[in-house]
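Any read-out appearing in this document is the output of simple, stated calculations on the displayed coordinates, not a laboratory observation. No experiment lies behind these values; they were computed from the predicted model shown. As a convention, Cβ positions derive from the backbone with ideal geometry for all residues, glycine included, and neighbour counts pool all protein chains shown.
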Amino acid sequence: MIRAALLCALLPLVAVAQESRPPATPIHADKIVLVGDSTTAVQGGWGPAFCAHHVTSFVACVDLARGGRSSYSYRAEGSWDLALAEMRVAGYDEVWVLVQFGHNDQPGKPGRSTDLEREFPQNLRRYVAEIRAAGARPVLLTPLTRRQFEDGRLLDDLAPWAEAVRTVARETATPLLDLHARSREIVQALGPVQAMRLAQVAPPSSVVAAAQGGTTVDHDAPPPARGAAADGLPPLAQAKPSFDYTHLGDRGAEVFAALVADELSRIEPELRGRLIP
């Protein structure tokens, strides 16, 4: 009874205090949606570091990139529908969608590869058109470079796909973030040995020894062992870090996330005040 009486006595005071406050300033928030493959996704890409360290709290950063996807399979499996739904969420002033494909569009990827001359650019044009139709703003990214070397020079197997992205960006008047060119500069400057530090785990000594001669070698890591599940519970998902020349560990993710933030601030000046170097 005493508590109820005190509450009744305090309620008018709370109401008076609220009435005396100045009106709140409405928030102005933006959103960035990341679309792409494993080099953008969690567990191997630059996306998580970008969202965690390079945007302010006035930007909702959603990483919808998925490992192993191409410009075809990302749409075919339904991931693109989820991205479109994110673009249409009300309440944001502007929504930017960063699209990076190429790695899994290359030949030799069953069920994923696309034709470079026709299908790959058509897929990109369709993404751009649908982003704009959803009221969002597209940004095309050229694919992150791989880190393989021969005689001290970086091998560039993704150059044709990067050029195809540049062409679509020009044809559609879409902002271009040339991640391929910038990442090539960084990796070439590091060289074959130091570039290994960008991978998920350290390479075996035999791989390092080969790289010291200027040429990297393939390395097939054994699959990680899975731990036993607790009784009565489904098993937890497990990270599967391994050494390769494509995916990124924490160091690599931060290097290229900072690069993306820097380039994005140049090509989309409206975002500069909400991007952290």
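For the stretch 241-252, backbone phi angles converted through the Karplus equation (6.51, -1.76, 1.60; θ = phi - 60°) give residue-by-residue couplings of x, 8, 8, 7, 9, 10, 7, 10, x, 4, 5, x Hz, Gly and Pro being listed as x.
With a simple spin-label model that places each label point 7 Å from the Cα along the Cα-to-Cβ direction, the separation between T172 and R266 comes to 2.2 nm. Remark: the chain carries a charge dipole of roughly 480 debye about the Cα centre, counting +1 on each Lys and Arg Cβ and -1 on each Asp and Glu Cβ.
Helix 119-133 and the longest principal axis of the Cα set of the chain meet at an angle near 10°. Go through A133, L154, V97 and say which Cα lies farthest out towards the positive end of the charge dipole of the stretch 87-160; charges sit on Cβ, +1 for Lys and Arg, -1 for Asp and Glu. About the Cα centre, the residue reaching furthest to the positive side is A133. Label sites at D151 and Q122, each approximated as a point 7 angstrom past Cα along Cα to Cβ, lie 4.0 nm apart. Per-residue ellipticity at 222 nm computed for the chain from its helices equals -12000 deg cm²/dmol, with DSSP H segments shorter than 4 residues left out and the rest contributing -39,500 (n - 2.57). Between helix 179-194 and the chain there is an angle of about 60 degrees, using the helix long axis and the longest principal axis of the Cα atoms. Remark on A199: its backbone amide H falls under 5 Å from those of G249, a criterion applied only to residues 5 or more positions apart or on other chains, H modelled at 1.01 Å from N. Think of the chain as a dipole: +1 on every Lys or Arg Cβ, -1 on every Asp or Glu Cβ, centred on the Cα centre; then among G213, G252, S183, G252 lies furthest on the positive end. Here A76 and S20 are evaluated by their C-beta separation; at R0 = 51 Å the FRET efficiency comes out at 0.35.
Take the Cα of A239, step 7 Å along the line toward its Cβ, and report every residue of the stretch 171-204 whose backbone nitrogen sits under 15 Å from that point. 198-202, by backbone N distance to the label point. Kirkwood analysis of the stretch 36-124, using all unique Cα-Cα pairs, places the hydrodynamic radius at 14.0 Å.
With a cut-off of 18 Å on the backbone N, the residues of the stretch 93-131 near the modelled label site 7 Å out from A181 along Cα-Cβ are 99-101.
When the alpha carbon gyration tensor of the stretch 136-277 is reduced to an equivalent ellipsoid, its three semi-axes come out at 31, 24, 14 angstrom, largest first. Database remark: amide H of F149 closer than 5 angstrom to the amide H of L155, T216 (H placed geometrically; neighbours at sequence offset of 5 or more, or on other chains; Pro and chain starts carry no H). Among the listed values [x] 0.95; [y] 1.01; [z] 1.11, the one computed from these coordinates for Rg/Rh (Cα atoms, Kirkwood Rh) is [z].
Placing +1 on the Cβ of every Lys and Arg and -1 on the Cβ of every Asp and Glu, with no other charges, gives the stretch 14-136 a dipole of roughly 140 debye about its Cα centre. Rounded to the nearest 10 degrees, the angle from helix 2-20 to the longest Cα principal axis of the chain is 70 degrees.
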